[in-house]
Amino acid sequence: MGALDKKYRDRLPYDYENRERGAVPPDTTREPFRWVSEVAYKNLHRIVARGYDTTELVEAGYGLADMIFVDFQARIPLKEEAEMLNYVMILGLEDGLSSPAVVARAVSRSHAYLTQAAGASILAFGHAYGAYSAFGNMLRKRLDRAEKEGRSAAEMAELLVRENQGAAHLGVSNLMLKDPAAKRTFARAEKLGLARRYIPFMREVVAAAQRLSPEPVDLDMLGALGATMMDLHFSPEAAWGILAVTRAFAAGAHGIEEIERMGCARLGECLTPKEDYDGPPERAVPSLEERATTAKPGQTRSLEEWRKAVDERAKTMGSGFRIVEEIEDPRKIGKVAKRK
């Protein structure tokens with residue numbers, strides 16, 4: 001690297017061009033980097049999480065649901081809370097051939113390790129599929145606002161629905177009109193005395209959505225599991241992580257089945273029939289000499305040209321121009337829509 005300009009040299013806290021080289025003695029005036037955690041530690045004799053020896057926990061009869069409370073909330077839960085979390089995790093574990101299972105199957109076919117396939121399934125959780133973070137933060141902000149402004153839960157629920165109607169993270173949709181699983185989740189939480197803050201509010205949201213929606217809607221699994229997890233005092237982000245990893249258990253089974261049924265696929269082996277292609281018709285490749293007459297410039301020179309170009313590009317599937325996204329808040333999936 002060449003000599004630094006004087007204006008840059010003056011900004012540095014040391015003489016860059018005459019700095020020490022090679023092995024430099026440790027700076028004892030500063031705290032060295034190290035990993036510090038209040039979640040857990042491990043030594044030669046045991047693993048301790050939030051102060052509890054994990055072997056002693058399981059020997060005493062505590063289960064996986066109890067351990068999740070210990071790790072995320074630093075407390076041993078009530079018996080009813082552990083039972084409810086177990087209920088939620090079982091419902092969240094399997095979802096058929098949905099996005100996480102499909103992702104795990106696709107990765108498994110490349111002869112990857114099963115851990116890679118199951119891990120990839122977690123990446124399928126976004127702000128549409130399994131949007132527990134977006135959903136939970138939406139509910140929490142609205143409830144906090146209602147309490148701050150002295151507004152009723154029903155009033156705030158209607159406002160929430162009007163602003164998010166049709167959004168993937170609303171927790172109310174037409175997905176569970178015939179499946180009672182979502183409503184039974186709330187019923188179980190209420191039976192166990194765990195419907196504290198978010199389940200009652202979510203019932204108001206469902207009622208408001210049913211009044212305002214032009215089609216039949218009801219509580220869906222996102223709304224049921226998300227609100228229940230928050231009434232168990234898990235943050236939206238914790239709920240997102242816990243339920244995504246729970247889903248990865250079943251995704252592992254899907255990955256194994258894919259290998260057993262279909263085997264592995266090599267690079268170049270998978271063929272796609274022409275009948276499944278609906279892009280431009282086949283055309284001759286122009287010569288380099290013809291390029292000047294066939295190439296289309298991407299640059300525009302006026303706002304009107306730019307608007308026309310964007311609309312034209314939106315006609316090409318896979319270009320990304322059909323998607324309108326609020327960059328400043330990608331969690332608001334309701335702000336993502338197809339360009340008409």
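Here are a few things to note about the model shown:
- Which numbered condition Tyr52 fails, given (1) at pLDDT 95 or above; (2) hydroxyl-bearing (Ser, Thr, Tyr); (3) under 25 Å from Gly263 (Cα atoms): (3)
- Criterion: buried (at least 20 other Cβ atoms within 10 Å of the Cβ) and modelled with pLDDT under 95 - qualifying residue of Ser110, Ser98, Ser121: Ser121
- Lone qualifier among Glu190, Glu257 - being part of a helix (DSSP H, G or I), over 26 Å from Phe69 (Cβ atoms) and among the acidic types (Asp, Glu): Glu257
- Residue in region 34-45 that is under 30 Å from Ala131 (Cβ atoms) and in contact with a helix residue (DSSP H, G or I) (Cβ under 9 Å, 6 or more places away or on another chain) present: yes
- Residue in region 265-287 that is in a helix (DSSP H, G or I), exposed (fewer than 10 other Cβ atoms within 10 Å of the Cβ), without any contact (Cβ under 8 Å) to a residue 40 or more places away in the chain and aliphatic (A, V, I, L, M) present: no
- Selection within region 288-316 - among the basic types (Lys, Arg), surrounded by 10 or more Cβ atoms within 10 Å (Cβ to Cβ) and in a loop (DSSP other than H, G, I, E, B): Lys315
- For region 214-233, the set of residues classified as without any contact (Cβ under 8 Å) to a residue 12 or more places away in the chain and either buried (at least 21 other Cβ atoms within 10 Å of the Cβ) or in contact with a helix residue (DSSP H, G or I) (Cβ under 9 Å, 6 or more places away or on another chain) (or both) is empty.
- Filtered residue count, region 141-187, keeping only those that are within 15 Å of Arg211 (Cβ to Cβ), in contact with a helix residue (DSSP H, G or I) (Cβ under 7 Å, 6 or more places away or on another chain), in a helix (DSSP H, G or I) and aliphatic (A, V, I, L, M): 6
- Matching option when the condition is over 30 Å from Ala120 (Cβ atoms) and free of Cβ contacts under 8 Å to residues at least 40 places away in the same chain, among Leu159, Leu177, Leu192: Leu159
- Set side by side, the residues Ala112, Ala82 differ, and just one is assigned by TED's automatic domain parsing to the domain that holds Ala195 and part of a loop (DSSP other than H, G, I, E, B), which is Ala112.
The values are calculated or read from the model by the stated rules, or taken from the named source; none is laboratory data. As the structure is a prediction and not an experimental result, all values here were calculated from the model. Here the Cβ is made from the backbone with ideal geometry for all residues, glycine too, and neighbour counts use every protein chain on show.
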